[in-house]
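For reference, the structure discussed in these notes is given below.
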Amino acid sequence: MNLPSEFRDKMKRLLGDEYEDFLKGYENENYYSLRVNTLKADRDKFFEQNLFNLSPVRWCDSGFYYDNETRPGRHPYHHAGVYYIQEASAMAPRASADIQKGQRVLDLCAAPGGKSTQAACLLQGEGLLVSNEIVPSRAKILSQNIERTGVKNCIVTNENPKDLENRFPYFFDRIIVDAPCSGEGMFRKDSAAVSEWSPAQVEICAARQSHILESAHKMLAPNGKIVYSTCTFSPEENECVIAYFLSRHPEYTAEKPTTYGFFTPGNPRWANGERRLENTVHLFPHRLKGEGHFVALLQKHGGDSAKIKYEKPSADKKALAEWQKFEKETLKDIHFENITRYGNFLYSLPKDAPSLDKIKVLRAGLQLGEIKKNRFEPSHSLAMALKKENVRCVEDMPLSDERVIKYLCGEEIPTENAEKGYRLICVDGYGLGWGKCDGNTIKNHYPKGLRIMK
């Protein structure tokens, strides 16, 4: 690989005797991985199916390497949100975050959604997840991945981290900062990262990362934790950013992540001898099956408490009546609360959702559906958040059924003597979307933008 000469010189200086092994790592095969979405699927059951010649990722219980020739991105299970295709090293930060059910979690730089969906699995539908992305096009992709994986308790925002500070002071129990970086750790897979790299870009990234981390500090609740990560090797963006933060905030300590034993400790010599950096970790590609990454876990001790406004659910009686009619006719063993209306759409807000006034919001919790001319039309988001047992009428097809592909292509599918009305279309029990049955034919409601070509 044609690596920038200045990058080579820097890595040789940093790694010393390991440098040649590091260079040889660029000649190794790429590793491909996915993470089971435990909101929908059982990890062990999925592994036993062995659809993609799987082998475990050591530092993430739900992570697996797969044989790229099997193309899991084209599999019906991917459309059903059964798993998320994610680089193995990128699973490490969230595996280290100590996220507990019921907590308030902020993913500050969240697109495309790998770390947010992993955090959602740890929350298991309880508590609050706010996933933010500053770039509008990337925020849209983030929202789509939140939808596909069936996350119910997530608010997706499109804001500058600086602008969120005053809205959520000392509010979140856990904050994920997967900071925009120079991308050195992805050089093996991303040629664009190589061409865009420069020492000046590293400095620009480091300054931006310190600003983002400062915003995170202002939103962290007493005794909360920040997980800081990058996909770069540069000490300027890693050890130096953390050392500078700790020097400004003595109420924080750097704690060893739970995944510490799998990786290489951070190097104090790369940041003025700050000994606490030994508790941070590097993921070097020549030492493991994955790309380059850095992770630091920052524990806050004490601090001020949150004083914020909460969102008050509001929906007119007519809209609520239409929803309740649908809920009674179509759903079972599940109930959605905090129903609110935005325009023609109904949402189920997460419990204790903060006020969303004057915030760019792409997804205010779970979108239930749309009010259309005195009727309620369920959303694809709702279908993806439901389990087979939550719906009265289900068309559950085995993977081998040719109707699965027909449905994903947007075609009508046949059935026999079925009850009329909305049906949840499933593959092996995993929801794919809605259909509407007339008795012997199911009209396709799979979103046009998601449909595949045969």
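The values are calculated or read from the model by the stated rules, or taken from the named source; none is laboratory data. Small disclaimer: the values here were computed from a predicted structure and weren't measured. All Cβ positions, glycine included, derive from the backbone under ideal geometry; neighbour counts span all protein chains shown. Keep in mind that these areas ignore ligands, DNA and RNA; they rest on the heavy atoms of the full protein, side chains included. Shrake-Rupley method; radii C 1.70, N 1.55, O 1.52, S 1.80 Å.
3J(HN,Hα) along region 372-388, derived from phi through the Karplus expression 6.51 cos²θ - 1.76 cosθ + 1.60 where θ = phi - 60°, amounts to 10, 6, 6, 9, 10, 10, x, 8, 5, 4, 4, 4, 6, 8, 8, 9, 3 Hz, with x in place of Gly and Pro.
With all protein chains in place and a 1.4 Å probe, the accessible surface of region 150-234 carries 48 percent carbon and sulfur. Considering only alpha-carbon pairs that sit under 8 angstrom and 6 or more positions apart, the relative contact order computed for region 1-101 is 29 percent.
List the pairs from Lys115/Lys309; Lys24/Lys289; Lys40/Lys388; Lys312/Lys372; Lys360/Lys387; Lys256/Lys300 whose alpha-carbon separation is above 19 Å, in the order I gave them. In this structure, Lys115/Lys309; Lys312/Lys372; Lys360/Lys387 lie more than 19 Å apart at Cα.
In summary, the convex hull built on the alpha carbon positions of the chain has an orientation-averaged projected area of 22.0 nm². In plain terms, the bigger the Kirkwood radius, the slower the diffusion; for region 6-63, with that radius from Cα pairs, at 4 °C and 1.567 mPa s, Stokes-Einstein puts D at 90 µm²/s. Across all directions, the average projected area of the convex hull around the alpha carbons of region 355-454 is 8.1 nm².
Scoring 272-284, 330-342 by mean Cβ neighbours within 10 Å over their residues and listing the highest first yields 272-284, 330-342.
Overall dimensions of region 183-251, expressed as equivalent-ellipsoid semi-axes from the Cα gyration tensor (√(5λ), whole Å, largest first), are 26, 12, 10.
The three principal axes of the Cα atoms in region 75-157 give end-to-end lengths of 31, 26, 25 Å, sorted in falling order. Only Cα sites of region 240-324 enter the Debye sum here, all with the same form factor; the resulting log10 I(q)/I(0) across q = 0.16 1/Å is -0.70, listed in q order.
Within a straight-line Cα-Cα reach of under 18 Å, Lys328 can be paired with the following aspartates and glutamates, leaving aside sequence neighbours fewer than 8 residues apart in one chain: Glu337, Glu370, Glu377, Glu389, Glu419.
The share of Cα pairs per 5 Å bin across region 115-244, counted from zero up to the longest distance, runs 2, 10, 17, 19, 22, 16, 9, 4, 0 percent.
Region 313-353 and region 160-202 have Cα centres separated by 36 Å.
Our coupling estimate for region 339-351, obtained by passing each phi through the Karplus curve with A = 6.51, B = -1.76, C = 1.60 and θ = phi - 60°, is 6, 9, 10, 10, x, 9, 9, 9, 10, 9, 6, x, 4 Hz, Gly and Pro reported as x.
Rolling a 1.4 Å probe over the protein heavy atoms gives the chain an accessible area of 44 Å² per residue. Per-residue 3J(HN,Hα) values for region 200-214, derived from phi via the Karplus relation 6.51 cos²θ - 1.76 cosθ + 1.60 with θ = phi - 60°, read 5, 5, 4, 5, 4, 4, 4, 5, 5, 5, 5, 5, 5, 5, 5 Hz in sequence order (x marks Gly and Pro).
For the chain, the relative contact order works out to 13 percent when only alpha carbon pairs closer than 8 Å and six or more residues apart are counted.
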